[in-house]
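Chemist: Here you go, one structure.
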Amino acid sequence: FTLSRGAPRELIDLLTARTGRPPLPPPWAFGVWTNMEGGTARVIDEARRMRDEGIPCSACWVTDFFDEGTNSGVGCGSTGPAGEYADLAQLTAGLHELGFKAMTYVTPMLYPRTSVYRDFVRRGFAVRSADGSLSTERFFHPPTLLKTGKFFSEEGDIDAEPTAMIDFTNPRAVDAWQCMVRRILVDQGWDGGMQDIGELTPANAALADGTTGDIGHNRYPLLFHAATTTEAAKTKPDAIFFMRGGWLGGQSVAPAYWPGDQGCDWSAERGIKSVVSAGISIGLTGVAAFGPDIAAIMELPSDTEDGAGDKELWLRWLQLGALSPVMRIHLGYKLRTPSPINMWTDAETSNEFRRYARLHVALFPYLYELAHEAHSTGVPIIRGMFVEFPDDPTCWPLGLQYMLGDSLLVAPVVERGATTRSTYLPSGGWTDLWTGERYAGPGWVEIAAPINRIPLLLRDGKLLPMLPLD
């Protein structure tokens with residue numbers, strides 16, 4: 001155990017030198033990712049519409065299917081039913097023809113009464129308890145979702161039996177998993193996807209390498225992610241999986257992260273406010289490519305004024321996502337109908353999605369330059385104000401504004417009804433990139449933030465390489 005002192009940049013450099021630098025993601029990862037569902041025909045139609053509407057998009061991820069042979073897919077649509085996917089390779093080929101990367105969904109969970117479950121359990125590749133019984137956790141079950149549309153089991157449902165987990169401390173289990181990853185990337189044509197879970201290892205587990213669940217719990221997601229990314233690097237170097245589970249060193253085996261399942265509300269506990277501070281915090285571990293769910297995944301029954309019907313929240317989340325390293329739409333699982341607010345709701349949301357997608361893509365040269373810097377030094381793309389201004393004590397507690405690299409100050413609007421944003425400017429000159437207005441720090445300023453604008457300021461003396469916005 002070592003204690004070190006120094007400026008934040010120095011400490012992040014030191015930490016990642018010891019635990020691993022973040023990988024350099026493929027260039028397309030810094031484009032725009034959208035979530036499409038409803039079956040092959042609808043996904044291809046929606047992808048074509050994206051092109052026709054002039055909305056730049058590099059990737060489409062699809063989750064509302066379950067493929068038993070590769071244990072992939074969620075098995076449930078958003079607020080609508082899951083779609084029909086007769087041939088996944090045909091789907092990915094169609095997306096590729098339109099210039100999209102195709103992304104799916106995987107977890108380390110083994111679902112009862114499926115062929116993969118039977119195979120992995122029979123060969124001793126599942127996590128067990130000290131008494132030899134399967135070590136299981138309650139988890140949703142994609143085959144049941146496809147049949148019933150229910151996430152949670154009831155008496156007599158297929159998933160009434162808890163799910164098992166792959167034991168990644170067993171080298172043979174790793175080989176079997178990597179075989180499925182190859183099938184996902186090569187036979188089915190996916191280019192990566194969401195790699196969910198990894199943090200559910202039961203405390204009473206007895207892993208194949210002799211460690212117990214309470215000891216191996218934190219290491220499990222690192223082994224899980226490493227098994228996938230190692231195979232992806234060999235099989236399809238241009239692929240990328242984005243993760244949520246992690247531990248110290250996770251930044252070296254996970255090319256991208258998202259902050260887990262966010263709530264569709266304005267709260268600091270689980271909503272849009274929590275995402276801003278999460279991006280700052282995870283950056284301190286060296287995570288470079290980070291992005292939230294736009295606009296969250298879950299709406300709970302307690303959400304009254306907030307939630308899926310909140311157009312203002314969707315637009316503010318869109319802006320935050322555009323000024324993140326990874327810009328990714330998530331349709332999510334909302335309780336209300338009609339379908340959740342998204343880019344096609346009305347002319348305004350469609351136009352704003354196009355505008356902020358173009359802004360995000362225009363920032364590609366800057367973001368990719370920052371990704372190279374992170375790969376070399378560990379210094380993240382999203383940086384707490386104190387990372388760039390460690391000698392300014394006001395910067396240290398700021399959790400709702402951040403630096404995107406060393407040039408851009410981003411102050412997301414995270415209060416309902418707000419049309420201005422109180423923002424702290426460190427010493428020096430700052431220019432509002434929307435209006436051209438000039439400010440001088442240090443000090444607090446009130447910046448205009450109408451519904452279609454996120455405060456975004458350029459630091460004096462810094463260059464901002466960009467592609468044309470049109």
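The values are calculated or read from the model by the stated rules, or taken from the named source; none is laboratory data. Values in this document were obtained by computation on a predicted structure and should not be read as measured data. Here the Cβ is made from the backbone with ideal geometry for all residues, glycine too, and neighbour counts use every protein chain on show. Only protein heavy atoms, including side chains, enter the accessible area calculation; ligands, DNA and RNA are left aside. Shrake-Rupley method; radii C 1.70, N 1.55, O 1.52, S 1.80 Å.
Chemist: If a/c stays under 1.5 just call it rounded; otherwise compare a/b with b/c (prolate if a/b is bigger, oblate if not). Do that for the range 1-129, with a ≥ b ≥ c from the square roots of the Cα gyration tensor eigenvalues.
Modeler: Oblate, because a/c is 1.5 or more while a/b does not exceed b/c.
Chemist: Give me the accessible area per residue for the chain, probe 1.4 Å, as a whole number in Å².
Modeler: Per residue, the chain has an accessible area of 39 Å².
Chemist: Within the accessible area of the range 48-134, what % is carbon and sulfur when the probe is 1.4 Å and the other protein chains stay in place?
Modeler: On the way: 1480 of 3250 Å².
Reported share for carbon and sulfur atoms: 46 percent.
Chemist: Number of Lys pairs in the chain with C-alpha atoms less than 22 angstrom apart, excluding same-chain neighbours closer than eight positions?
Modeler: So the count works out to 7.
Chemist: Express as a percent, rounded to the nearest 5, the fraction of DSSP beta bridges in the chain (both residues included) that run antiparallel.
Modeler: Around 60 percent antiparallel, to the nearest 5.
Chemist: Peptides 399-410, 129-140: what's the order by average Cβ count within 10 Å, highest mean first?
Modeler: 399-410, 129-140
Chemist: In addition: Could you please report the charge total around Leu185, scoring K, R as +1 and D, E as -1 over all other residues with beta-carbon less than 9 angstrom from its beta-carbon? Kindly include the intermediate steps, with their values, before the conclusion.
Modeler: On the way: positive: Arg182, Arg183, Lys236; negative: Asp187, Asp191, Glu231.
Within the 9 Å Cβ shell, the charges total 0.
Chemist: Shifting gears a bit: Just to be sure I follow: if Rg is taken over the C-alpha atoms of the chain and Rh is the Kirkwood radius over the same atoms, what is Rg/Rh?
Modeler: Across the chain, the Cα-based Rg/Rh ratio is 0.96.
Chemist: How much net charge surrounds Arg438 when only the other residues with a Cβ under 14 Å from the Cβ of Arg438 are counted, with Lys and Arg +1 and Asp and Glu -1?
Modeler: Working: positive: Arg459; negative: Asp432, Glu437, Asp460.
Residues close to Arg438 contribute a combined charge of -2.
Chemist: Based on the Kirkwood radius over alpha-carbon pairs, what is the Stokes-Einstein translational diffusion coefficient of the range 344-445 at 25 °C with 0.890 mPa s viscosity, in µm²/s?
Modeler: Translational D for this selection: 158 µm²/s.
Chemist: Further question on the same structure: For the chain, what does -39500 (n - 2.57) per DSSP helix run (n ≥ 4), summed and divided by total residues, give at 222 nm, in deg cm²/dmol to the nearest 500?
Modeler: Helix-only estimate at 222 nm: -9000 deg cm²/dmol.
Chemist: Read phi for every residue in the range 287-299 and hand back ³J(HN,Hα) as whole Hz from Karplus 6.51 cos²θ - 1.76 cosθ + 1.60, θ = phi - 60°, with x for Gly and Pro.
Modeler: Coupling constants for the range 287-299: 5, 9, 8, 9, x, x, 6, 9, 10, 6, 10, 10, 10 Hz.
Chemist: Which cross-chain or sequence-distant (5 or more) residues have an amide H under 5 Å from the amide H of Arg128, H modelled 1.01 Å from N in plane?
Modeler: Ser135, Ala206
Chemist: GluC sites (Glu not before Pro), restricted to the range 198-301: which are DSSP loop and have at most 10 other Cβ atoms within 10 Å?
Modeler: Sites meeting the loop and neighbour criteria: Glu269.
Chemist: So, one more: Arranged from highest to lowest average of other beta-carbon atoms within 10 Å per residue, in what order do the peptides 315-321, 206-212 appear? Before the final figure, lay out each step's value.
Modeler: Details: 315-321: 24.7, 206-212: 16.3.
Descending mean neighbour count gives 315-321, 206-212.
Chemist: Which order do peptides 287-296, 106-115 fall in by mean Cβ count within 10 Å, highest first?
Modeler: Details: 287-296: 27.1, 106-115: 20.7.
Descending packing order for the listed peptides: 287-296, 106-115.
Chemist: Using the Cα centre of the range 345-394 as origin and beta-carbon charges of +1 (Lys, Arg) and -1 (Asp, Glu), tell me which of Thr349, Pro393, His372 is placed farthest towards the positive end of the dipole.
Modeler: Towards the positive end, the residue furthest out is Thr349.
Chemist: Considering the Cα trace of the range 386-435, what is its radius of gyration and what is Dmax, both in angstroms?
Modeler: Answer for the range 386-435, Rg first and Dmax second: 11.5, 34 Å.
Chemist: Moving on to the next point. Once the piece of chain linking Ser376 and Ser350 is laid out straight, how much longer is it, given 0.36 nm per residue of separation minus the C-alpha distance between them?
Modeler: Length gained between Ser376 and Ser350: 5.6 nm.
Chemist: Show the residues, 5+ positions off or on another chain, whose built amide H is closer than 5 Å to the amide H of Phe242.
Modeler: Answer set, sorted by chain and number: Gly193, Met194, Gln195.
Chemist: In units of 2.2 N^0.38 Å, what is the alpha-carbon radius of gyration of the range 41-93?
Modeler: Details: Rg = 12.2 Å, N = 53, 2.2 N^0.38 = 9.9 Å.
For the range 41-93, the normalised Cα radius of gyration is 1.22.
Chemist: Taking the range 1-59, which trypsin sites (Lys or Arg not before Pro) meet the DSSP loop condition and have no more than 16 other C-beta atoms within 10 Å? Walk me through the intermediate numbers first.
Modeler: On the way: sites: Arg5, Arg9, Arg18, Arg42, Arg48, Arg49, Arg51; in loops: Arg5.
Of the trypsin sites (Lys or Arg not before Pro), the ones in loops of the range 1-59 whose Cβ has at most 16 other Cβ atoms within 10 Å are Arg5.
Chemist: Under unit Cβ charges (Lys, Arg +1; Asp, Glu -1), what dipole magnitude, rounded to 20 debye, does the chain have relative to its Cα centre?
Modeler: Working: 41 positive and 56 negative charges, 163 e Å.
Taking the Cα centre of the chain as origin, the dipole is about 780 debye.
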